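The values are calculated or read from the model by the stated rules, or taken from the named source; none is laboratory data. What you are looking at is a predicted structure, and each value in this text was computed from that prediction instead of being measured. No Cβ is skipped: glycine too gets one built from the backbone with ideal geometry, and neighbour counts run over all protein chains shown.
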Amino acid sequence: MTTDSHLILDLDGTIADDRRRLPLIDHSSLDPWRAYHEDCANDPVINRGLFQGFPGKLLIFTSRPRYVWDATVAWLECNRIPAAEMWMRENDCRMSSPDLKAYMWYQCREKLGIDERHVEMAFDDRLDVIRMWRYMGIAATHITCPGGGGSYDERVSH
Ligand SMILES: [Mg+2]
């Protein structure tokens, strides 16, 4: 592991405890996820051990929409999570999370001039995203939120 190494981190359900916000998802609404996302600033940090002390760079790949960019940056700073880069979902994007994060990865590769050899591990709470990382040749670990009563990989997301 070197300073040229990178970790890919998901936020919700991986290092941000979003359980308090889950009831805000309202499928009867025109924008079911809006209230859930807009309340992201106060999540407790979970699984800090995944990245604390890592000598390389932290890359955030999140399905959160861009309209919570500022709230998310503030959360990272407030919680002393030194993200080197962050990719978010465009506000009008309806891609599945695995497709979205694969697309982000292609953007990331180009921007940073890295490939899968420079990624130590990807962490995500969705098994479909984990499968995508492994398909891409990136080691990936499935995270379950402590106390959450199981994994969130089956929950409906974008
Ligand atoms: Mg997640």
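Points to keep in mind about this one:
- Ile81 within 13 Å of the ligand (Cβ to nearest atom), β-branched (Val, Ile, Thr), surrounded by 15 or more Cβ atoms within 10 Å (Cβ to Cβ) and closer than 26 Å to Ile138 by Cβ: no
- Matching entry among Ala16, Ala83, Ala74 (being farther than 20 Å from Ala122 by Cβ and of a type in the set (A, V, I, L, M)): Ala74
- Count of the stretch 98-133 residues, restricted to those that are more than 16 Å from the ligand (Cβ to nearest atom), acidic (Asp, Glu) and without any contact (Cβ under 8 Å) to a residue 60 or more places away in the chain, is 3.
- Only residues that are acidic (Asp, Glu) and at pLDDT below 95 were counted across the stretch 1-16, and they come to 1.
- Single residue of Pro55, Pro32 found to be at negative phi and surrounded by 12 or more Cβ atoms within 10 Å (Cβ to Cβ): Pro32
- Residue under evaluation Arg21, criteria (1) part of a helix (DSSP H, G or I); (2) loosely packed, with under 13 Cβ neighbours inside 10 Å; (3) charged (D, E, K, R), criterion not met: (2)
- When Phe61 is tested against (1) under 23 Å from Glu120 (Cα atoms); (2) more than 15 Å from the ligand (Cβ to nearest atom), just one condition goes unmet, and that condition is (2).
- Counting only residues that are modelled with pLDDT of 95 or more and either in a loop (DSSP other than H, G, I, E, B) or within 13 Å of Thr62 (Cα to Cα) (or both), the stretch 27-36 holds 1 of them.
- Residue-level analysis places Ile8 among those that are within 12 Å of the chain's Cα centre (by Cα), within 16 Å of the ligand (Cβ to nearest atom) and within 25 Å of Val119 (Cβ to Cβ).
- Condition met for Ile46 (crowded, with 19+ Cβ neighbours inside 10 Å, in contact (Cβ under 8 Å) with a residue 60 or more places away in the chain and closer than 22 Å to Thr141 by Cβ): yes
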